[in-house]
1. I'd like the chymotrypsin sites (Phe, Trp or Tyr not before Pro) in segment 1-108 restricted to DSSP loop residues with at most 12 other Cβ atoms within 10 Å, sorted by number.
2. How large is the helix-only mean residue ellipticity at 222 nm for the chain, computed as the sum of -39500 (n - 2.57) over DSSP H runs with n ≥ 4, divided by its residue count, in deg cm²/dmol to the nearest 500?
3. How much length, in nm to one decimal, is gained on full extension between residue 157 and residue 110, taken as 0.36 nm per residue of separation minus their Cα-Cα distance?
4. Share of antiparallel DSSP beta bridges in segment 2-165, in percent to the nearest 5?
5. Taking 0.36 nm per residue of separation and subtracting the Cα-Cα distance, what length does fully extending residue 66 through residue 48 add?
6. Need one number: nm distance between label points at residue 80 and residue 30, each 7 Å from Cα along Cα→Cβ, rounded to one decimal.
7. For residue 73, which aspartates and glutamates qualify as cross-link partners when the Cα separation must be under 18 Å and same-chain residues fewer than eight apart are set aside?
8. Using only Cα positions of the chain, each an equal point scatterer, no hydration layer, compute I(q)/I(0) via Debye at q = 0.11, 0.15, 0.17 Å⁻¹ and quote the log10 values to two decimals.
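Each reported figure results from applying straightforward, stated rules to the coordinates on display, with no laboratory input. Bear in mind the structure is a predicted one, so any value in this text is a computation, not a measurement. Positions of Cβ are backbone-derived with ideal geometry, glycine not excepted, and every protein chain shown enters the neighbour counts.
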Amino acid sequence: MKFAYADPPYIGQAKRHYGSEEVDHVLLLHQLESDYPDGWALSCSSPSLQQLLAICPDDVRVMAWVKPFASFKPNVNPAYAWEPVIIRGGRKRTREQPTVRDWVSSNITLQRGLVGAKPESFAMWLFQVLNIQDGDTLDDLFPGTNAVTKALDKYRTNRQLQLQVKP
């Protein structure tokens, strides 16, 4: 199966954080739908969630990355301490596989060289949500620090070790 993860600059934040032009989220969602029918995930900000859901297919699901430790900014109350993750598709889980929650609690990353770099525990949860197996591919459309790709390598290695240990 072929999956994708998109963590683009959030709507209205491209120039401020990355010195780049805004991402066309309509085109991005069309690309995700057409190129990744097996499944995809899109990280976004809570202020943009309504706008993005309006252009998403009806069968998406909103999940949450909850951040126990998050940056508190002056005059921003309540704090932004969670981020939506829009998911579509993924491999159906079997009854033998453990149930995956529709949220993950994981601290933000600091000093990774890029605003918004995702922690390894977030990526591991995402792989479980999509139910990525050996032989599957995951295209990280906005690789940034390559944290998701590195986590996928570790995920695959850990799965191989678990398969070898089982009788």
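1. Numbers: sites: 3, 5, 10, 18, 40, 65, 69, 72, 80, 82, 103; in loops: 10, 69, 72, 80.
Passing sites in segment 1-108 are 69, 72.
2. Values: 5 runs with 51 residues, N = 167.
That comes out to -9000 deg cm²/dmol.
3. On the way: separation 47, 0.36 × 47 = 16.92 nm, distance 2.55 nm.
Computed gain between residue 157 and residue 110 is 14.4 nm.
4. Numbers: 11 of 21 bridges.
Looking only at bridges with both residues in segment 2-165, the antiparallel portion is about 50 percent.
5. Details: separation 18, 0.36 × 18 = 6.48 nm, distance 1.66 nm.
So the chain would gain 4.8 nm between residue 66 and residue 48.
6. 2.7 nm
7. Counting by Cα, and skipping residues close in sequence, residue 73 has these aspartates and glutamates nearby: 83.
8. -0.46, -0.87, -1.12
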